[in-house]
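The values are calculated or read from the model by the stated rules, or taken from the named source; none is laboratory data. Keep in mind that what you see is a predicted model, and the values were worked out from it rather than measured. Please note: Cβ atoms are built from the backbone with ideal geometry, for glycine as well, and neighbour counts cover all protein chains shown.
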């Protein structure tokens, strides 16, 4: 009696391409609800800043002398023409807040961009050229970190002169040591790996090793620090504006709005409350988004 052997045909499923790194990043990022809320707030802030000319109901510097210190629309004595009220010289607070969002983002981009660029270059040199170069760069950064950040920013603005651009330079100088130290630590961790040794054997020069080989693998912590640096830049700019060293009137900057309305805080709460809330929400949004990026980019912090 012969046994019939039935052969089964195994159909192999087609290989699926691995998911895109951005999909993995988004999947890890959205697990943090606070980070998603921060991202939504940041996107909303960017949209407000971009479309400020169409969203703002009034000009940020136009004065309505007959409507000085007008309360918000929902309070007795308020007007629907000025939803959040007016300041001591009759300017619409809502319009100034909207234009102030644009200014705050510009301050963040310029300050973080300058500090990140200089910090990466100095950190790469400190990581590659050990010895005198590293000691000089890192001891200079230690001295800068030993000083209170706001005091250092005030000293820089006092030397350069008050103004918005000088305030951004001062904030960039204050933020730079963090990027230098972070870049140097990442470079030291990467420089001993095999792919760097292979690039050296292949004949890659020092600059190519620094910027093409090592730097792309050091970007994850720098991106997180840059995101958190936005909140620090907005906060420092508001502090300098409050002290009269940043944006000068009538520029609609949140810190200068607080400074000019401080004497009216007891009888016109809205002139101080709304700029303060704008600063609070913006700083909180960037901090939440930065925490989410840190958790998503660092494998050790992934759940």
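Tabulated values for the structure
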item: From 143, 188, 223, residue being more than 16 Å from the chain's Cα centre (by Cα) and under 20 Å from residue 297 (Cβ atoms); result: 188
item: Within the range 70-90, considering residues that are at positive phi and within 33 Å of the chain's Cα centre (by Cα), the one surrounded by the fewest Cβ atoms within 10 Å (Cβ to Cβ); result: 90
item: Residue satisfying all of: in the range 27-38; part of a helix (DSSP H, G or I) and without any contact (Cβ under 8 Å) to a residue 24 or more places away in the chain; surrounded by the most Cβ atoms within 10 Å (Cβ to Cβ) among these; result: 27
item: Helices (runs of 4 or more DSSP H) completely within the range 95-212 that count 2 or more residues being within 30 Å of residue 243 (Cβ to Cβ); result: 132-146, 149-160, 164-190
item: Index of the failed condition, residue 213 passing every other in (1) within 17 Å of the chain's Cα centre (by Cα); (2) surrounded by 15 or more Cβ atoms within 10 Å (Cβ to Cβ); result: (1)
item: Residue in the range 262-275 that is under 19 Å from residue 164 (Cα atoms) and at pLDDT 90 or above present; result: yes
item: The listed residue being buried (at least 23 other Cβ atoms within 10 Å of the Cβ), modelled with pLDDT of 90 or more and closer than 21 Å to residue 149 by Cβ, out of 240, 284, 235; result: 240
item: Where residue 218 falls short, out of the listed (1) at pLDDT below 90; (2) exposed (fewer than 15 other Cβ atoms within 10 Å of the Cβ); (3) assigned to a helix (DSSP H, G or I); result: (2)
item: Members of the range 247-282 that are within 19 Å of residue 52 (Cβ to Cβ), in contact with a helix residue (DSSP H, G or I) (Cβ under 7 Å, 6 or more places away or on another chain), in a loop (DSSP other than H, G, I, E, B) and in contact (Cβ under 8 Å) with a residue 40 or more places away in the chain; result: 247, 251, 252, 253
item: Residue within the range 212-221 that is within 27 Å of residue 41 (Cβ to Cβ) and in contact with a helix residue (DSSP H, G or I) (Cβ under 6 Å, 6 or more places away or on another chain) present; result: yes
